[in-house]
Each structure stands twice: as structure tokens, then as C-alpha cells.
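Only one structure is covered here, and it is reproduced in the block below.
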Amino acid sequence: MTQTSNALDLDSGVFTWSDPKRIARSLKHSAESSHRRKGSPLQSAMSMLNFYLNRAGKHLPGERKRVLARAKDELQKQFSRE
């Protein structure tokens, strides 16, 4: 699984964190700070999260999948507050 992105500069280990709000906050910050992204910040952040889930999903424990699913929900909430 790739740990880098040409579109976003991600915090190290962001997908291993246990706090969905922290994951979402980090992805949001990375997406909003990037000048290389092609879509909106929400699209870019959600795309990175989905990319990770799709590539690593088969090998992730159930609890990790649940945390990352909650991070998706939190990401939607954080962008809708703007």
C-alpha cells in the first residue's frame, strides 16, 4: 500500500490513528493546503481515505475498518460545518 500521494501531503501514519476525528481533521487540513489537487478539498480528502480502504481493506481488522468508516462520516461533518 502506498504511503504517499502526488495530490496531498499526508501526516505520517494518519490511517493508523485510532481517533476518527483526528484522522478527518488531518485529511481536511491536507486537502485544503494542497495546491496539486484536482477536485474540491472534500473530494480529495474522501478520495484518499477511500483509496486506502480499497487497497488495504482486505487485510484490515474489523476495528480499523470501523474507525476509518467513522472518519469518513466525521470528514463529511467537518466539511459541512463550513
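Report the gain in length on full extension from residue 77 to residue 40: 0.36 nm times residue separation, minus Cα-Cα distance, nm rounded to one decimal.
Details: separation 37, 0.36 × 37 = 13.32 nm, distance 1.53 nm.
Residue separation times 0.36 nm, minus the Cα-Cα distance, leaves 11.8 nm.
What percentage of the solvent-accessible surface of the chain, computed with a 1.4 Å probe over protein heavy atoms, is contributed by carbon and sulfur atoms? If you can, show how the numbers build up before the last one.
On the way: 2480 of 5220 Å².
The C+S portion of the solvent-accessible surface of the chain is 47 percent.
When a/c is below 1.5 the answer is rounded, else prolate if a/b is larger than b/c, else oblate, so apply that to region 6-82 with a ≥ b ≥ c taken from the square roots of the Cα gyration tensor eigenvalues. Kindly include the intermediate steps, with their values, before the conclusion.
Numbers: a/c = 1.86, a/b = 1.41, b/c = 1.32.
Because a/c hits 1.5 or more and a/b exceeds b/c, region 6-82 counts as prolate.
When the helices in the chain are scored as -39500 (n - 2.57) per DSSP H run of 4 or longer and the sum is shared across all residues, what 222 nm value do you end up with, to the nearest 500 deg cm²/dmol?
-20000 deg cm²/dmol, from helical runs alone.
Among 18, 46, 56, which residue has its Cα furthest toward the positive end of the charge dipole of the chain, with +1 on Lys/Arg Cβ and -1 on Asp/Glu Cβ?
The listed residue farthest towards the positive side: 56.
Note down the relative contact order for the chain as a percent, whole number, built from C-alpha pairs under 8 angstrom at least six residues apart. Display every interim value, and only then the final one.
Values: 78 pairs, mean separation 31.7, N = 82.
Reported as a whole number, the value is 39 percent.
At 1.4 Å probe size, with every protein chain present, just tell me what the per residue accessible area of the chain comes to in Å².
Details: 5220 Å² over 82 residues.
Heavy-atom accessible area per residue stands at 64 Å².
Which angle between 0 and 90 degrees, to the nearest 10, do you get for helix 62-80 versus the longest principal axis of the chain when only C-alpha atoms count?
20 degrees
The values are calculated or read from the model by the stated rules, or taken from the named source; none is laboratory data. Computed from a predicted model, the values in this text were never measured in an experiment. Ideal geometry is used to build each Cβ from the backbone, glycine not excepted, and the neighbour counts take in all protein chains shown. With ligands, DNA and RNA removed, areas are computed over all heavy atoms of the protein, side chains included. Shrake-Rupley method; radii C 1.70, N 1.55, O 1.52, S 1.80 Å.
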